[in-house]
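Only one structure is covered here, and it is reproduced in the block below.
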Amino acid sequence: MKIRFEPRQSESRTVVFLSPLVAVLFTGLFSMLIFAILGVDPITAVYTFFIGPVTSIAGWAELFVKATPLVLIGIGLSFGFRSNIWNIGAEGQLTIGALTGGGLALLFYNVDSVFLLPAMIIAGIFGGAIWAAIPAFLRVRFNTNEILTSLMLVYVAQLILSYLIQGPMRAPDGYNFPESRLFHDAALLPTLISETRLHAGWIAALFFAVIAWILWSRHIIGFQVKVAGDAPLAARFSGVREKNVTWLVLLISGGAAGLAGMIEVSGPIGQIVPIISPGYGFTAIIVAFLGRLHPIGIIFSGMLMALTYLGGDAAQIEMKLPNAVTGVFQGMLLFFLLATDFFVRYRIRFGALRETPDKESSKKGVVG
Amino acid sequence: MQVTRTRLKLENITKHYPGIIANDSVNMSVLPGEIHALLGENGAGKSTLVKFIYGVHGADSGRMFWEDKEIQISNPSEARKTGIGMVFQHFSLFDALTVEENIAIGISQELATGGLSDKIIQVSNQYGLPLDPSRYVYTLSVGERQRIEVVRCLLQNPRLLIMDEPTSVLTPQEVEELFKTLRRLSDEGISILYISHKLQEIKDLCHKATIMRNGKVVSECNPDDETTRSMAEMMMGKDFISPERRENKSFGSTKLSLRNINRVSHHQHGVDLANIDLDIKTGEVVGIAGIAGNGQTELLEVLSGEVPVGDEGIILLGDREVTNLNTNDRRKVGMAFVPEERLGHGAVPNMSLWENTVLSAAYSMDLVIRGFVSKVSSIAFCKHVIKKFNVHTPGPNTFASALSGGNLQKFIFGREILQNPKVLIVLQPTWGVDAGSAARIRQSLIDLTENEAAVLVISQDLEELLEISDRIAVIHEGKLSPAYPVNEITIEEIGLLMGGVKKSEFSIRGTDEN
């Protein structure tokens, strides 16, 4: 029997929404297989990994803490991905946003002002946007590939962080540890639920999702970005300048990543440390696609990805599994998603060379 | 040779594609030495049928006979061995290789080794296809490139030659040369299956015509016994409406002026525009003829503002200079544009029709209010377009990619025309559009000029231009000839201009062919 792939007439809407769910299901099944190979009971492992972390309020709070940067960055990136601008350097923009936002906190150390936090927010957004403006400028001016430039700038950003944290930003009374001072209260995000780490950043993420949703569904900007991604010539025909779209989407995604960085240092971390993010900027790429580049979808996919971080920690502590398990899961999820997305445009056919089911082909068992 | 024997016979060929039946129980036969036309609108199933004959793809059912023996051809190389040659509409040539090298790539190894260039010269002399084997392809005209494809087929001694719309890229003179060659081949007993939708050509050239519609053979006829009109009716199955034009039109003041447009093309193999001057008056349709790739796309881009006008160039709309306005600002002062590519340029494939109205009508029809897209107004305008221009579609939520070429083009024309433009500029208005929709579109262009508008039509379809234009200019290698009133210029003269001969040189023509 022959298996063939046949292009669909148009994209299947059902598959667009179904494919992330199928990918999650397959990831679950294959992770059980991997647990079994590692010699642990799959059921217990899956429970520890996926259910255990969210059996308490503190667990949920922690989930939202981890989801905050993922959702913020994921939504920001969705602007670029919809317009075929590939910002892979959100991790670097996050780092710079943390430095500018957090830097302000250190600069005004012990200054008690209600304006400090808003200023830090602006500085964080600004820092990330500036870092993304470099690939934007290079692309618009010299037609360089933003995938490469934005990615390379991640390492530049991390070196800057490394320099600053060992030099100018190092805490004066910190025994030469490469860490900044702990931020004072006026520079810390307020917590939403006492006794947990859940902070106001989650509200910012949800707020950003609402704005993005309005832009996408109603506003001409969302329309233009979509057109630019789907049909660049049609965008030009409708008076949209490609360069403007490039600037816009890179500044939005950079600003969102910068904000996420500022929120990390001003929320859960509370100071500037050598490693600010466990790869949120890269994971957010998966988050954006898993959420179908849709703000609401990204909220859910961000929470799911946050769960893999929590699950990884739990598996490490309770089952002595290596932390790499988290990366394995995220990778599997992305690959299954890419595989299932193939069926948005193609359908699978078995056997007979018939395109429309009729008497003969149904005898040969065509599967639709 | 027995005359009664058929060269090729098809019995009940059926081929399904998802959602459509491309060929539905097609029967036809081609006699030796016959030039057999396969006539039909776009999407009638002609291409599917010949691709089956040439072994590009299989059929779901049906039988094929080659000289009275049943055969099965599973790939093009088998077809060539059998004696079937095909010249595709789009050439497969390498620009950086010579004629000989290109031919060697496409034929069997025995043929390609030893004295190939002599064989090329011999074949090309024998059939009136002058070709220099050592020339590089990029130096050749489109007509010459086609000769390479024809010679490549002939070297393999085919007994059936399939030609897919061979004249769409040729000047009238080149067409005449090609026809001479085809007639000579036919005299030698080679059958030719000639695919076209150009009726006059079929009357001039073909012995027999098989007419297809919606995948079925609807009629067979002798083109000599038919008029172009009667064949058009068979092809479309309904009364053919040819556009009505007003006689004795009077034109108003100059509406659109182009002065000294120079523009370096930013396309990879584009053509630079050079010193283009043109005036169009209110109420006038001006046509620009020319072979594809002579600066048409570049001209439209400059006019629509998608690409800035080069140094010194000026575009005037009435008395108003619009040279430095961007696309949307030009729309605001009354210009409208229809690009060549429907899907991807004139419309976004994966967007609904109502969203596609926003593409060009966002500001002129107030579809965007304070930055927000008004779905209600857009849908209303979209419904208006669908109704007025008779677009066959389930409704405004249908994706643009789901519409047939003709319907989408009607939609795009409706969208532009219902914005009441003062100047409408269109490129290839009926390219790949079924004849019914094409007629409607042409009529709408003529109607528009009655509302004080000026229309510029850039097209490769000469028949179309002669039908609707008041004056015709020709673009060749980015240079535009003066515009001549249609009754003061002949098809032959237009053909010469298309081939790059200036009008003042017409008398000494004939010396440049070697």
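How many of the residues making up region B:26-81 are closer than 20 Å to B:SER186 by Cα and crowded, with 19+ Cβ neighbours inside 10 Å?
15
Are any of the residues in region A:255-266 more than 10 Å from chain B (Cβ to nearest Cβ), at pLDDT 90 or above and farther than 30 Å from A:SER180 by Cβ?
no
Which residues, counting only those in region B:191-202, are crowded, with 17+ Cβ neighbours inside 10 Å and not aliphatic (A, V, I, L, M)?
Hits for region B:191-202 are B:SER191, B:TYR194, B:SER196, B:HIS197, B:LYS198, B:GLU201.
Counting only residues that are within 8 Å of another protein chain (Cβ to nearest Cβ) and outside any helix (DSSP H, G or I), which one in region B:347-370 is farthest from A:ALA234 (Cα to Cα)?
That would be B:VAL368.
Taking B:ASP187 and the conditions (1) at pLDDT 90 or above; (2) in contact with an Asp or Glu (Cβ under 7 Å, 6 or more places away or on another chain), which numbered condition does it fall short on, given that it satisfies the others?
Condition not satisfied by B:ASP187: (2).
Considering only region B:427-443, I want to know if a residue exists there that is more than 30 Å from B:SER47 (Cα to Cα) and hydrophobic (A, V, I, L, M, F, W, C).
no
Within region A:294-344, can you find the residues that are assigned to a loop (DSSP other than H, G, I, E, B) and either at pLDDT 90 or above or polar (S, T, N, Q) (or both)?
Across region A:294-344, the qualifying residues are A:HIS294, A:ASN323.
Can you pull out the residues in region B:401-428 that are in a helix (DSSP H, G or I) and at pLDDT 90 or above?
B:LEU408, B:GLN409, B:LYS410, B:PHE411, B:ILE412, B:PHE413, B:GLY414, B:ARG415, B:GLU416, B:ILE417
Just name the residue that is nearest to the other protein chains (Cβ to nearest Cβ) out of those in region B:387-398 that are outside any helix (DSSP H, G or I) and farther than 9 Å from B:GLU355 by Cα.
Checking each candidate, the answer is B:THR398.
Could you check, for region B:402-423, whether at least one of its residues is touching a Pro at 6+ places or on another chain (Cβ under 8 Å) and within 13 Å of chain A (Cβ to nearest Cβ)?
For region B:402-423, residues touching a Pro at 6+ places or on another chain (Cβ under 8 Å) and within 13 Å of chain A (Cβ to nearest Cβ): absent.
Could you list all residues from region A:192-211 that are assigned to a helix (DSSP H, G or I) and over 10 Å from A:VAL65 (Cβ atoms)?
Selection gives A:ILE203, A:ALA204, A:ALA205, A:LEU206, A:PHE207, A:PHE208, A:ALA209, A:VAL210, A:ILE211.
Quick check on my filter: what residues within region A:138-159 are more than 14 Å from A:GLU91 (Cα to Cα) and either in contact (Cβ under 8 Å) with a residue 40 or more places away in the chain or among the hydroxyl-bearing types (Ser, Thr, Tyr) (or both)?
Within region A:138-159, A:ARG139, A:VAL140, A:THR144, A:GLU146 meet the criteria.
Of the conditions (1) at pLDDT 90 or above; (2) within 14 Å of chain A (Cβ to nearest Cβ); (3) assigned to a helix (DSSP H, G or I), B:THR14 clears all except one; give me its number.
(3)
Within region A:45-64, can one find any residue that is more than 14 Å from every other protein chain (Cβ to nearest Cβ), farther than 25 Å from A:GLN316 by Cβ, buried (at least 24 other Cβ atoms within 10 Å of the Cβ) and touching a residue at least 40 places away in the same chain (Cβ under 8 Å)?
Looking for residues that are more than 14 Å from every other protein chain (Cβ to nearest Cβ), farther than 25 Å from A:GLN316 by Cβ, buried (at least 24 other Cβ atoms within 10 Å of the Cβ) and touching a residue at least 40 places away in the same chain (Cβ under 8 Å), one finds none in region A:45-64, hence no.
Give all pairs with beta carbons closer than 8 Å in which a residue from region A:207-221 that is more than 9 Å from chain B (Cβ to nearest Cβ) meets a residue that is in a helix (DSSP H, G or I) and polar (S, T, N, Q); count only pairs at least 6 apart in sequence or on separate chains.
Between residues of region A:207-221 that are more than 9 Å from chain B (Cβ to nearest Cβ) and residues that are in a helix (DSSP H, G or I) and polar (S, T, N, Q), the close pairs are A:ALA212/A:SER78.
Take the residues in region B:222-261 that are more than 30 Å from B:LEU300 (Cβ to Cβ) and surrounded by 18 or more Cβ atoms within 10 Å (Cβ to Cβ), then tell me which one is modelled with the highest pLDDT.
This residue is B:PRO223.
Here are A:ALA314, A:ALA284: which of them is of a type in the set (Gly, Ala, Ser), closer than 27 Å to A:TYR155 by Cβ and surrounded by 19 or more Cβ atoms within 10 Å (Cβ to Cβ)?
Exactly one residue qualifies, and that residue is A:ALA284.
Would you please name the residue that is nearest to the other protein chains (Cβ to nearest Cβ), looking only at residues in region B:282-322 that are among the polar types (S, T, N, Q) and under 24 Å from the mean Cα position of the chain (by Cα)?
B:SER304
Please state which of the following conditions A:THR95 fails to meet, knowing it meets all the rest: (1) within 23 Å of A:GLY229 (Cα to Cα); (2) at pLDDT 95 or above.
The single condition A:THR95 does not satisfy is (1).
Is there a residue in region B:371-386 that is part of a helix (DSSP H, G or I), more than 14 Å from every other protein chain (Cβ to nearest Cβ) and among the hydroxyl-bearing types (Ser, Thr, Tyr)?
Looking through region B:371-386, none of the residues is part of a helix (DSSP H, G or I), more than 14 Å from every other protein chain (Cβ to nearest Cβ) and among the hydroxyl-bearing types (Ser, Thr, Tyr).
Per-residue answers, yes or no, for (1) under 28 Å from the mean Cα position of the chain (by Cα); (2) modelled with pLDDT under 90; (3) closer than 30 Å to B:SER437 by Cα:
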site: B:GLN2; (1), (2), (3): no, yes, no
site: B:SER29; (1), (2), (3): yes, no, no
site: B:ILE35; (1), (2), (3): yes, no, yes
site: B:GLY43; (1), (2), (3): yes, yes, yes
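Of all residues being assigned to a loop (DSSP other than H, G, I, E, B), modelled with pLDDT under 85 and among the polar types (S, T, N, Q) in region B:150-184, which is farthest from B:SER124 (Cα to Cα)? Just the residue, please.
If we take residues in region B:150-184 being assigned to a loop (DSSP other than H, G, I, E, B), modelled with pLDDT under 85 and among the polar types (S, T, N, Q), then B:SER168 is farthest from B:SER124 (Cα to Cα).
Conditions first: (1) among the β-branched types (Val, Ile, Thr); (2) without any contact (Cβ under 8 Å) to a residue 60 or more places away in the chain; (3) surrounded by fewer than 23 Cβ atoms within 10 Å (Cβ to Cβ); (4) within 26 Å of B:GLN200 (Cβ to Cβ). B:ILE446 passes all but one, so which condition is the exception?
Single failed check for B:ILE446: (2).
Would you mind stating whether A:ALA257 is without any contact (Cβ under 8 Å) to a residue 60 or more places away in the chain, buried (at least 23 other Cβ atoms within 10 Å of the Cβ) and assigned to a helix (DSSP H, G or I)?
The answer is no for A:ALA257.
Can you tell which of B:ARG331, B:ARG320, B:ARG342 is basic (Lys, Arg) and more than 24 Å from A:ILE220 (Cβ to Cβ)?
Step by step, each of B:ARG331, B:ARG320, B:ARG342 is checked, and only B:ARG320 is basic (Lys, Arg) and more than 24 Å from A:ILE220 (Cβ to Cβ).
Could you list, in sequence order, all residues of region A:232-245 that are more than 25 Å from the chain's Cα centre (by Cα), surrounded by 20 or more Cβ atoms within 10 Å (Cβ to Cβ) and either at the interface with another protein chain (Cβ under 7 Å from one of its Cβ atoms) or assigned to a helix (DSSP H, G or I) (or both)?
A:ALA234, A:ALA235, A:ARG236, A:PHE237, A:SER238, A:GLY239
Quick check: is even one residue across region B:323-331 buried (at least 20 other Cβ atoms within 10 Å of the Cβ), at the interface with another protein chain (Cβ under 10 Å from one of its Cβ atoms) and in contact (Cβ under 8 Å) with a residue 24 or more places away in the chain?
Within region B:323-331 (the criterion being buried (at least 20 other Cβ atoms within 10 Å of the Cβ), at the interface with another protein chain (Cβ under 10 Å from one of its Cβ atoms) and in contact (Cβ under 8 Å) with a residue 24 or more places away in the chain), the answer is yes, since at least one residue qualifies.
With the condition kept exactly as written, say whether any residue in region A:192-203 is within 14 Å of chain B (Cβ to nearest Cβ) and of a type in the set (Asp, Glu).
No, region A:192-203 has no match at all.
Checking A:LEU198 against (1) modelled with pLDDT of 95 or more; (2) within 15 Å of A:LEU63 (Cα to Cα), which test does it fail?
It is condition (1) that A:LEU198 fails.
Among (1) aliphatic (A, V, I, L, M); (2) crowded, with 17+ Cβ neighbours inside 10 Å; (3) at pLDDT below 90, where does A:ALA90 come up short?
A:ALA90 satisfies all of (1) aliphatic (A, V, I, L, M); (2) crowded, with 17+ Cβ neighbours inside 10 Å; (3) at pLDDT below 90 except (3).
The values are calculated or read from the model by the stated rules, or taken from the named source; none is laboratory data. For clarity, every value in this text was computed on a predicted model and none was experimentally measured. Note that we place each Cβ from the backbone using ideal geometry, even for glycine, and neighbour counts take in every protein chain shown.
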